[in-house]
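Quick notes on the structure that follows.
The values are calculated or read from the model by the stated rules, or taken from the named source; none is laboratory data. The shown structure was predicted, so the numbers you read here are calculated from the model rather than taken from an experiment. Glycine gets a Cβ as well: all are built from the backbone with ideal geometry, and neighbour counts include every protein chain shown. What goes into the accessible areas is simple: the full protein's heavy atoms, side chains included, and nothing from ligands, DNA or RNA. Shrake-Rupley method; radii C 1.70, N 1.55, O 1.52, S 1.80 Å.
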Amino acid sequence: MSKEEEIQLLADCADHLKPIVITALNTGMRRNEILTLTWNCVDLKLQIIHVVKTKSGKNREIPVNNGLLTVLEELKKRKKSEFVFPNPKTNKPFRSIRHSFENACRRADIHDLRFHDLRHTFACRM
């Protein structure tokens, strides 16, 4: 994903989706890791996310860069749930963000992009 595509995608994301996409692009976390992330796993002072429910079963720590830190601090101010990215209707994790992600990609005129590709984009930029 090019930087221009990233800018356009973020501009076309729904409000609930944008911080999720920013997190994916800045951490390389998997979709489920992001959607089920709880505040007790986020250390804003040390700028670390503790990922405990991983696909491999191994816990890991992910550094939080300044751009993501700003987003997380803003979300923390509006915290209404134990989850970092709760569905505003239920305050529980989203079951799926597929439709909102596909709609953002369509509006941004980006074709054949899957949410998992954000993880690959992060890895390529590393």
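Some observations on this one:
- Amide N proximity, the stretch 34-63 versus E82 label position 7 Å along Cα-to-Cβ, cut-off under 15 Å: 36-42, 52-53
- Using a probe radius of 1.4 angstrom, the carbon and sulfur fraction of the accessible surface of the chain is 49%.
- Solvent-accessible surface of the stretch 30-101, averaged per residue with a 1.4 angstrom probe and all protein chains in place: 68 square angstrom.
- Once the gyration tensor of the Cα atoms in the chain is diagonalised, the equivalent ellipsoid follows with semi-axes of 22, 17, 14 Å, ordered largest first.
- For the residue pairs K3/K92; K55/K77; K53/K89, the alpha carbons lie more than 27 Å apart in K3/K92; K55/K77.
- About its Cα centre, the stretch 77-126 has a charge dipole of approximately 400 debye under the convention of +1 per Lys or Arg Cβ and -1 per Asp or Glu Cβ, with nothing else charged.
- Additional length obtainable on full extension of the chain from H111 to E5, 0.36 nm per residue less Cα span: 37.1 nm
- Backbone phi angles across the stretch 90-96, fed through the Karplus curve with coefficients 6.51, -1.76 and 1.60 (θ = phi - 60°), yield HN-Hα couplings of 10, 6, 10, x, 4, 6, 8 Hz in residue order; Gly and Pro are listed as x.
- Each of the trypsin sites (Lys or Arg not before Pro) that DSSP puts in a loop and that has at most 14 other Cβ atoms within 10 Å breaks the chain; the longest unbroken stretch is 1-44.
- Share of pairwise Cα separations in the stretch 34-75, more than 11 Å, in percent: 65 percent
- Calculated over the stretch 51-103: convex hull of Cα atoms, volume per residue (Å³): 131 Å³
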